Every structure is written in C-alpha cells, then in structure tokens.
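Have a look at the structure below, then the notes.
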Amino acid sequence: MSTNNEIEFKQLLSKANYQDIYDKYFLDEKAFSQTNYYIDTLNFDLKSHQSALRIRVKNNAYEMTLKVPAEIGLLEYNFETNIEPKLNKQIESQDLPEDILDQLLNMGIDIDSLIILGDLTTERIEKEIDGNLLVLDKNRYLGFEDFELEYEVDDYNEGLIQFKSILNQFNIKHEMPNNKVQRFFNRKYKLSNN
C-alpha cells in the first residue's frame, strides 16, 4: 500500500488549447492510455463525502485507489488489486484492502452497495517541469470527450504560481474544474435523467 497527499492544479482546455500546449511542451513525449473504473453506490454516497473510489487499469496492472479530502489536496490510498473491473460489477467487502474498507466504514458507506458505475479512458502525456509533473489528458467517457491540463506539485503556493504562468502563455484564465470522477458522475446523472 502507499498513501500520498496529492496536490495538483487542473484546467479544462478547448481542443485548440490542448493542441497548442501539446505543440509547445509534449512533441517529444510518448502518450499512454489508462482506464479508470469508478465505484460508488447507486445513491452516490462516496460522492456525497467528496470522495472517490476507482480501479485503474494501466499496462495490464490493476490499482485500487480511494481519494478522500485532506487539509490541502486529497489523501490517496493506493493498493494493487486483482479485481478485473467491468460495468455493474458488485464490489464485495473482501475485495477491499483493509485501509480502504476502514475509511469507507468510517464514512458510513454501505459496503454491500458498492458497484462499478462506469469507466473513463485517458490518453495521457507527462513531462517534468521545474521538479513538478505537467500532465496533458484527453478523456473519453459516456460518449463524451474533454481535454485537461494538470500540474502535480509538492508545494501548493509555488506550484500555483508556476501553473498560472504556464496558462498565461496560452491566454488561459485559471478556473478550477470538477475533477474527472465528478465530471463522469455529472454526465452519468445527466444522461440518466434525459
């Protein structure tokens, strides 16, 4: 298991902004693909706690991650898992690592109601800049595509200055978007209510 305090800045991009940033920073970098399978109850109980549970498939490896709010950023609990994710798969309590199970029980989540509600596939490119990680994502989920820039940092204040400087090069005003899981669940809710 590993835990880490994730501090990152995000910005949704237009397709044109995505291409401009790609051309400036990522021409020599190789993209890779990963798919997140999002887990919650049908009542979105984890979402109501500003938390998210997922299984990420990358390079034929599976990792389960629980993200919960921290004082700054999010606290992540990461574990290798053998669960092969698929839509509508029920997640059993014995499938959950003990640390994740404990966190979910502390939130009052009904463990027997956890189900994989869908997936989001990201084509990702990464590059280290000033000791931090600049990430360019193209995301596909529920018949939709969006583009996002992320900047993963160790120091919040310095990182924010650097991130805004990167955005300023492209005349982009920083507006904190919903994260991927929030965008996924908002789209799922919208589609289910149409």
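I'm trying to understand the selection: among the residues of the range 26-63, which are aliphatic (A, V, I, L, M), surrounded by 13 or more Cβ atoms within 10 Å (Cβ to Cβ) and within 20 Å of Asn78 (Cα to Cα)? Spell out how you get there, then give the answer.
Going residue by residue through the range 26-63, those that are aliphatic (A, V, I, L, M) are 27, 31, 39, 42, 46, 52-53, 55, 57, 61.
Pick out the ones that are also surrounded by 13 or more Cβ atoms within 10 Å (Cβ to Cβ) and you get 31, 39, 46, 52-53, 55, 57.
Selection gives Ile39, Leu46, Ala52, Leu53, Ile55, Val57.
For residues that are more than 15 Å from Glu123 (Cα to Cα) and touching an Asp or Glu at 6+ places or on another chain (Cβ under 6 Å), scanning just the range 4-25, find the one that is surrounded by the most Cβ atoms within 10 Å (Cβ to Cβ).
This residue is Lys10.
Taking the options Glu76, Glu29, Glu63, name whichever one is closer than 22 Å to Asp154 by Cα and either part of a loop (DSSP other than H, G, I, E, B) or of a type in the set (D, E, K, R) (or both).
Glu76
Mind listing just one residue for me: the one in the range 125-159 that is more than 17 Å from Lys24 (Cβ to Cβ) and among the charged types (D, E, K, R) and, of those, surrounded by the most Cβ atoms within 10 Å (Cβ to Cβ)?
Asp146
Quick one: in the range 109-142, of everything that is small (Gly, Ala, Ser) and in contact (Cβ under 8 Å) with a residue 24 or more places away in the chain, which residue is nearest to Leu74 (Cα to Cα)?
Gly118
Are there any strands (runs of 3 or more DSSP E) wholly within the range 95-194 with 1 or more residues that are modelled with pLDDT of 95 or more and under 14 Å from Asp40 (Cα atoms), and if so which?
115-129
Could you run through the range 79-94 and say how many residues are assigned to a strand (DSSP E or B), in contact (Cβ under 8 Å) with a residue 24 or more places away in the chain and within 18 Å of the chain's Cα centre (by Cα)?
Going through the range 79-94 one residue at a time, the tally reaches 1.
Any residue that is within 20 Å of Tyr141 (Cα to Cα), among the polar types (S, T, N, Q) and touching a strand residue (DSSP E or B) at 6+ places or on another chain (Cβ under 6 Å) - is there at least one of those in the range 69-84?
Checked against the condition, which is being within 20 Å of Tyr141 (Cα to Cα), among the polar types (S, T, N, Q) and touching a strand residue (DSSP E or B) at 6+ places or on another chain (Cβ under 6 Å), the range 69-84 yields no hits at all.
Here are some residues: Gln19, Gln50. Which one is out of contact with any helix residue (DSSP H, G or I) (no Cβ under 6 Å at 6 or more places or on another chain) and assigned to a helix (DSSP H, G or I)? Working first, answer last.
Working: Gln50 fails: assigned to a helix (DSSP H, G or I).
Just one listed residue meets the conditions, Gln19.
Those residues that are buried (at least 18 other Cβ atoms within 10 Å of the Cβ) and either among the aromatic types (Phe, Trp, Tyr) or in contact with a Phe, Trp or Tyr (Cβ under 8 Å, 6 or more places away or on another chain) (or both), I need them from the range 163-179; list them, please.
Phe163, Ile166
The values are calculated or read from the model by the stated rules, or taken from the named source; none is laboratory data. These numbers come from a predicted model, not from an experiment. Cβ coordinates were reconstructed from backbone atoms using ideal geometry, including for glycine residues, and neighbour counts include every protein chain displayed.
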